[in-house]
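Q: Please find one structure pasted underneath; my questions will follow.
The values are calculated or read from the model by the stated rules, or taken from the named source; none is laboratory data. Since the structure is predicted, the reported quantities are computational estimates derived from the model, not experimental observations. So basically every Cβ, Gly included, is an ideal-geometry build from the backbone, and we count neighbours across all protein chains shown. The area values use the complete protein model at the heavy-atom level, side chains included, leaving out ligands, DNA and RNA. Shrake-Rupley method; radii C 1.70, N 1.55, O 1.52, S 1.80 Å.
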Amino acid sequence: PKAISVLDAGKNTDQVYDLCQKVDYVICSKEFAENFSSESFETNKKTQIFEKVESICKKNLVITLEKEGYLYRKDGEIKQGEALDISANDSTGAGDFFHGAFVYGLSKGYSYEQCLKIASITASLSCQYVGSRFSVPRKEEVRQYIHEFI
């Protein structure tokens, strides 16, 4: 009962919506949020989209926005975190790296915002390489960018 739960909300199904209500952290893609809300981020309705998706979440919601970073709520305010400004070659696996690095941060006891920043750095760095198999950033590589965020 004290376990921390994180959901990679990838598919717009009733089962995923149900899980969103039961976990501590929901991390979803821009595409998931747009499909759920029937809105587009192109219309500058970030707040409305975030709040619609958040309505099915028990606790914390993060929406990844690719090169635009991510949205989350902290102290009642919707905030937008940054992605690294890098030359991307392939985004394959970036979402998985975001999730993995976020969970890594949680397991180390980092704050919510530190976990998000580490996840964003890791996902951004992974986009420099082609294919997900060889694009896993090393800790040393991630640490080089931590000072810019934390």
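Q: Considering (1) of a type outside the set (F, W, Y); (2) touching a helix residue (DSSP H, G or I) at 6+ places or on another chain (Cβ under 8 Å); (3) farther than 15 Å from L84 by Cβ, say which one G109 fails and leave the rest.
A: Only one criterion is unmet by G109, namely (2).
Q: On the given criteria, is I121 among the aliphatic types (A, V, I, L, M) and surrounded by fewer than 16 Cβ atoms within 10 Å (Cβ to Cβ)?
A: Considered against the rule, which asks whether it is among the aliphatic types (A, V, I, L, M) and surrounded by fewer than 16 Cβ atoms within 10 Å (Cβ to Cβ), I121 comes out as no.
Q: Among the residues of the range 10-46, write down those that are assigned to a strand (DSSP E or B) and not polar (S, T, N, Q).
A: Y25, V26, I27, C28
Q: Looking at K79, K52, which is the one that is open to solvent by 20 Å² or more (accessible area, probe 1.4 Å) and assigned to a helix (DSSP H, G or I)?
A: K52
Q: Working carefully through the options Y72, Y104, find the one that is assigned to a helix (DSSP H, G or I), closer than 27 Å to D18 by Cα and of a type in the set (F, W, Y).
A: Matching residue, one of Y72, Y104: Y104.
Q: If I filter the range 106-118 down to residues being out of contact with any Leu (no Cβ under 8 Å at 6 or more places or on another chain) and within 16 Å of D24 (Cα to Cα), which single residue comes out as least open to solvent (accessible area, probe 1.4 Å)?
A: Looking at the filtered set, the residue picked out is L116.
Q: Quick test for you: out of A101, A94, A88, pick the one residue that is among the small types (G, A, S), without any contact (Cβ under 8 Å) to a residue 40 or more places away in the chain and either touching a Lys or Arg at 6+ places or on another chain (Cβ under 8 Å) or crowded, with 19+ Cβ neighbours inside 10 Å (or both).
A: The conditions single out A94.
Q: Does the range 106-115 include one or more residues that are at pLDDT 90 or above and in contact with a Ser or Thr (Cβ under 9 Å, 6 or more places away or on another chain)?
A: no
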